[in-house]
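The values are calculated or read from the model by the stated rules, or taken from the named source; none is laboratory data. Bear in mind that the values here come from a model prediction, so they are computed numbers and not experimental data. Note that we place each Cβ from the backbone using ideal geometry, even for glycine, and neighbour counts take in every protein chain shown. All accessible areas refer to the heavy atoms of the entire protein, side chains included, with ligands and DNA or RNA removed. Shrake-Rupley method; radii C 1.70, N 1.55, O 1.52, S 1.80 Å.
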Protein chains: 2
Amino acid sequence: MFIHHVFFTLKNPDSAADKQALIEGLNAMRPIKEIRTIHIGVPASTDREVIDRSYAVSWLLVFDNLEDQDVYQVHPLHKKFVETCSHLWSKVVVYDSVNA
Amino acid sequence: MFIHHVFFTLKNPDSAADKQALIEGLNAMRPIKEIRTIHIGVPASTDREVIDRSYAVSWLLVFDNLEDQDVYQVHPLHKKFVETCSHLWSKVVVYDSVNA
């Protein structure tokens, strides 16, 4: 199992339109067949010192393995997402994890 | 859906024993019935500028909702984990996300 978790910070954090455009861009990648599970998120209401709530939108993907994640990285729908949406974010943090 | 993703940095990053003890401590929480999905991870081999590989172990939980996550936070098995394992880590970063 390969977990790919991305946290996007918006260039315009107060723009609901930009946030919506980013979420729509993420949704457009749903047909990528190598993806097993998708979760598009926003920060929960939980708010303790250890919790990072600085992002606007999260993108959690589960793949069967690294190879499928590699296919996703160069997939035309992923490339199109970066082309059409990268102007929306100021920062991206990615965590890639495999079974311990 | 409520996503709870924790990234642990070890006090002794080079200690395989400490890493194993942490993983065993996490595994001991598997019986908590409010948890829908568990993934215990380590950094993948992917290594781009945006990827944070600074953690030793990741702990991804999926709950049905915030209420179930709240039960987990105060569950005896979770409290026991913190008691027995918190000396192992120097830093914890948590991302809690709900459906966008």
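Taken along the Cα-to-beta-carbon direction at a fixed 7 Å, the label points for A:His87 and A:Val50 span 4.1 nm. Label points for A:Glu49 are taken 7 Å from Cα along Cα→Cβ. From this copy to the others they lie 3.3 nm apart, shortest first.
Peptide B:82-88 has a mean shielding of 0, counted as Cβ atoms of other protein chains within 10 Å of each residue's Cβ. Within the accessible area of the protein assembly as shown, the carbon and sulfur atoms contribute 52%, probe 1.4 Å, all protein chains present. Computed from phi, the 3J(HN,Hα) profile of the range B:51-61 under the Karplus parametrisation 6.51, -1.76, 1.60 (θ = phi - 60°) reads 8, 8, 10, 7, 8, 9, 9, 10, 9, 9, 10 Hz, with x in place of Gly and Pro. Structure remark: mean-square fluctuation, Gaussian network model of chain B, C-alpha springs under 10 Å; the largest value among B:Ser45, B:Ser58, B:Ser86 belongs to B:Ser45.
Each other residue within a Cβ distance under 14 Å of B:Asn27 adds +1 if Lys or Arg and -1 if Asp or Glu, for a net charge of +2. Distances from A:Asp70 to itself in the other copies, using label points 7 Å out along the Cα-Cβ axis, amount to 4.6 nm in increasing order. Summed over both chains, the accessible area lost when B and A associate is about 2800 Å², using a 1.4 Å probe. What sits nearest the axis between copies B and A, counting only chain B Cβ atoms, is the residue and whole-Å distance B:His5, 3. On a per residue basis, the range A:61-100 carries 51 Å² of accessible surface, using protein heavy atoms and a 1.4 Å probe. Ascending distances from the B:Lys91 label point to its copies in the other chains, with the point 7 Å along the Cα-to-beta-carbon line: 1.3 nm.
Rounded to the nearest Hz, the phi-derived 3J(HN,Hα) couplings of the range A:31-42 under the Karplus curve 6.51 cos²θ - 1.76 cosθ + 1.60 (θ = phi - 60°) are x, 4, 6, 6, 6, 7, 9, 10, 9, 9, x, 9, where x marks glycine and proline. Here's the list of lysines a cross-link from B:Lys91 could span, going by alpha-carbon distance under 19 Å and ignoring same-chain residues fewer than 8 apart: B:Lys11, B:Lys19, B:Lys79, B:Lys80. Of the peptides B:6-17, A:19-30, the order by per-residue mean of other Cβ atoms within 10 Å, starting with the highest, comes out as A:19-30, B:6-17. Net charge in the neighbourhood of B:Asp18 (other residues with Cβ under 11 Å of its Cβ; Lys, Arg +1, Asp, Glu -1) is 0.
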